[in-house]
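Encoded as structure tokens, the structure appears first; notes follow it.
The values are calculated or read from the model by the stated rules, or taken from the named source; none is laboratory data. Please read all numbers here as calculations on a predicted model, not as lab measurements. Counting neighbours? That spans all protein chains shown, and the Cβs are built from the backbone with ideal geometry, glycine included. SASA here: full protein model, heavy atoms, side chains in, ligands and nucleic acids out. Shrake-Rupley method; radii C 1.70, N 1.55, O 1.52, S 1.80 Å.
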Amino acid sequence: MTNSATTPSELLTIAVEVARDAADTAYRMRAEGVVVAATKSTVTDVVTAADRAVERQILDALAALRPEDSVLGEEYGEDASGAGRSGVRWIVDPIDGTVNYLYGLPHSAVSLAAEVDGVVVAGVVRNVSTGEEWTATAGGGAWRDGVRLRCSGEVDLGQALVGTGFGYDAARRTHQAQVVAGLIAHVRDIRRLGAAALDLCLVAEGRLDAYFEKGLAAWDLAAGGLVAAEAGVRVAGLAGRPPGPDLVVAAPPALFAPLHDRLAALDAAGGP
């Protein structure tokens with residue numbers, strides 16, 4: 001494999017190969033027993049030894065396959081050893097849903113996306129426990145296990161099953177709980193599953209009707225966001241802003257406006 005491979009489909013082929021190997025490592029390390037290596041934003045925001053080992057494996061694999069690319073990873077940050085000469089940057093979440101992984105809950109994933117000149121063009125999300133795998137390329141659709149995905153056709157927010165997530169800071173969680181309290185009477189129900197990349201993939205195939213969360217980083221959003229968008233989901237922030245740390249709202253077109261307006265009224269992008 002050489003750096004001449006820059007089409008979305010070629011980059012996806014690389015991403016899938018690397019992510020599958022990484023997920024195998026994460027699965028094996030979980031079976032051997034999880035070791036908490038550190039904490040990040042709070043004492044409940046854990047980093048396992050597997051997070052670091054899996055990201056290092058991905059970095060090494062990409063360096064061998066694509067030495068002129070740059071990489072942004074959750075655990076090791078920006079690696080510009082390739083100086084970005086190719087215009088390609090990889091965005092890595094080695095284990096999205098680390099707390100689920102720590103507790104043995106089957107909702108964690110390896111997430112790997114490729115940007116070209118700042119635009120995400122390929123992505124893969126692979127569930128560590130189940131082996132379910134979602135892929136997408138820009139303009140090429142979203143897929144799971146060979147089946148093309150299309151988001152929910154629900155048009156009534158009151159009948160929508162909505163996913164969300166919470167931050168680790170207690171003050172932020174308190175604000176997010178207030179938002180949920182204000183929203184829950186206006187939807188079918190709310191689910192908090194604990195892995196943003198997987199949640200976005202579930203919206204892509206209609207297993208959730210919609211999703212929102214404050215505080216997502218690039219590695220939480222890149223691959224899953226592309227999968228959702230390619231399945232017809234609108235992925236955006238509030239008031240015309242792009243999706244990002246302030247808020248991510250992911251919903252089919254018919255649900256986006258009513259969910260957006262309810263979240264804006266609840267100040268979902270506010271708080272700490």
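Scanning residues 5 or more positions from LEU266 or on other chains, none has an amide H under 5 Å from its amide H, with H placed 1.01 Å from N in the peptide plane. Decide, for the range 134-232, between rounded, prolate and oblate: order the square roots of the alpha carbon gyration tensor eigenvalues as a ≥ b ≥ c, take rounded if a/c falls under 1.5, and otherwise choose prolate if a/b is larger than b/c, else oblate. Oblate. Of the beta bridges in the range 134-272, as assigned by DSSP with both residues counted there, near 65 percent are antiparallel. Of all beta bridges that DSSP places with both ends in the range 109-214, some 75 percent have antiparallel geometry.
Note: relative contact order over the range 122-205, using C-alpha pairs below 8 Å and six or more positions apart, is 29 percent. If R0 is 51 Å, the Cβ-Cβ spacing of VAL36 and ARG148 corresponds to a FRET efficiency of close to 0.85. Cα gyration tensor of the range 75-160, axes a ≥ b ≥ c as square roots of the eigenvalues: rounded (a/c below 1.5), prolate (a/b > b/c) or oblate? Judged from the Cα gyration tensor, the range 75-160 comes out oblate (a/c at least 1.5, b/c at or above a/b). Computed from the Cβ-Cβ distance with R0 of 25 Å, the FRET efficiency linking ARG85 to ASP24 stands at 0.25. Ranking ILE184, ILE91 by solvent-accessible area of protein heavy atoms (1.4 Å probe, all protein chains present), from largest to smallest, gives ILE184, ILE91. Seen from a random direction on average, the alpha-carbon convex hull of the range 1-160 projects onto 11.0 square nanometres. Derived scalar couplings between HN and Hα for the range 240-245 equal x, 7, x, x, x, x Hz in order, rounded to whole Hz, by the Karplus curve 6.51 cos²θ - 1.76 cosθ + 1.60 (θ = phi - 60°), x for Gly and Pro. Remark: the range 233-272 projects, on average over all directions, an area of 2.5 nm² (convex hull of Cα atoms).
Average projection, convex hull of the Cα set of the chain: 13.1 square nanometres. On the accessible surface of the range 191-251, probed at 1.4 Å, how many percent belong to carbon and sulfur atoms? Solvent-exposed carbon and sulfur of the range 191-251 make up 51 percent of the total.
Accessible surface area normalised per residue over the chain is 41 Å², counting heavy atoms of protein chains with a 1.4 Å rolling probe. Each of ARG191, ARG30, ARG126 has its accessible area taken with a 1.4 Å probe; listed largest first, they run ARG191, ARG30, ARG126.
Its Cα gyration tensor gives the range 191-267 an equivalent ellipsoid; the semi-axes, largest first and in whole Å, are 17, 14, 11.
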